[in-house]
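Here is the structure we will look at, set down as structure tokens.
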Amino acid sequence: MPLYPESKLLDMGTQVVSISVGKKPDHEDFTVHEWLIRESSTLIHATLLSDQSERKERKISLPDYKPKDFKIYMQWLYTERVLMESGLDDDTQMNANCQSLIKGYLLGCHLGDEMYRDTIMDFLLEWNYQICTYYCQRPIFENVKTVFDSTELGDPLRKFMVDFTVWNASHDFWVKNYEDFPEHFVAMVSIGHSSRSHYGGDPPISCVKKRPCLYHCHTDETCYKKRLDR
Ligand SMILES: [Zn+2]
């Protein structure tokens, strides 16, 4: 572990925000330094900006998300590490990790946190390199509808799911299941199939080593990978 100069010390202040996550009675309350979460989440920043009250501890509610997904987000806020409950030892754990990463990405979308979304996306790409059975692919197909319902046109996770399907789903699987997927997803996969049959080449997901921001959502040069250590 390197030693860091004192100039790296963070001054988070004493102001905190209380965030209630989940639907009652299964909700959980979290306390986060306001400075830290406002720096990262445009939603929290905007919400607190419009709250003119002078209360020392301000409250925000996220009823549509699960406490365990927020717990992972909060760990990342403070440590820049993404902690998964499951290991990487077998297919069941790999499957659970994928589910968890997708939920984390959608939480990042809701919070307007680009860095978290891009971080999670890189873990999904890593997950993609490690899986080798159909069982592990299932969370992608099972979450297509949720992702297309919860994200906007052009979202990188949509693109990832489409590219994943074009290059991994078997012909039999696609013929049997395409009618169950959202129309826009089917159209995008169809374009992907056409492109693959006309131009061939390598799967786009395999180009990430050369183009690391291919599935990132940031629109300027502020890739989290280029950010200096906090
Ligand atoms: Zn990037």
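The values are calculated or read from the model by the stated rules, or taken from the named source; none is laboratory data. This one's a predicted model, so the numbers in the text were calculated from it and none came from an experiment. Every residue, glycine among them, receives a Cβ derived from its backbone with ideal geometry; neighbour counts consider all protein chains shown. Surface areas here come from the heavy atoms of the whole protein model, side chains and all, with no ligands, DNA or RNA. Shrake-Rupley method; radii C 1.70, N 1.55, O 1.52, S 1.80 Å.
Based on Cα contacts under 8 Å between residues 6+ apart, the stretch 16-65 shows a relative contact order of 53 percent.
For the options MET94, MET12, MET161, a Gaussian network treatment of the chain with springs between C-alpha atoms closer than 10 Å singles out MET12 as fluctuating the most. Structure remark: mean-square fluctuation, Gaussian network model of the chain, C-alpha springs under 10 Å; the largest value among ASN95, ASN177, ASN143 belongs to ASN177.
Taking label points 7 Å from Cα along the Cα-to-Cβ direction, TYR78 and SER18 give a separation of 1.8 nm. Counting only GluC sites (Glu not before Pro) that are in a DSSP loop and have at most 16 other C-beta atoms within 10 Å, tell me the longest site-free stretch of the chain. With GluC sites (Glu not before Pro) excluded where exposed in loops, the chain gives 153-220 as its longest stretch.
Please compute the alpha carbon radius of gyration of the stretch 16-65, then divide it by the globular-protein estimate 2.2 N^0.38 Å. Two decimals is fine. Numbers along the way, then the final one.
Values: Rg = 10.9 Å, N = 50, 2.2 N^0.38 = 9.7 Å.
Output field value: 1.12.
Share of Cα-Cα pairs in the chain beyond 26 Å, in percent? Walk me through the numbers on the way to the answer.
Working: 11570 of 26335 pairs.
More than 26 Å apart: 44 percent of the Cα pairs in the chain.
Its relative contact order, with pairs defined as Cα atoms under 8 Å and 6+ residues apart, puts the chain at 16 percent. DSSP finds beta bridges in the chain, and of those with both partners inside it, around 50 percent are antiparallel. Between ALA169, ALA46, ALA96, the residue with the greatest mean-square fluctuation in the GNM of the chain (Cα pairs under 10 Å linked by springs) is ALA46. Looking at the stretch 84-225, the accessible area is 53 square angstrom per residue; that uses a 1.4 Å probe and ignores ligands, DNA and RNA.
Can you tell me the accessible area per residue over the stretch 16-65, all protein chains present, probe 1.4 angstrom, in square angstrom?
Details: 3060 Å² over 50 residues.
Accessible area per residue: 61 Å².
Fraction of C-alpha pairs exceeding 21 angstrom in the stretch 135-230: 39 percent, rounded to a whole number.
Taken about its Cα centre, the stretch 1-146 carries a charge dipole of roughly 440 debye when the Cβ of each Lys and Arg holds +1 and the Cβ of each Asp and Glu holds -1.
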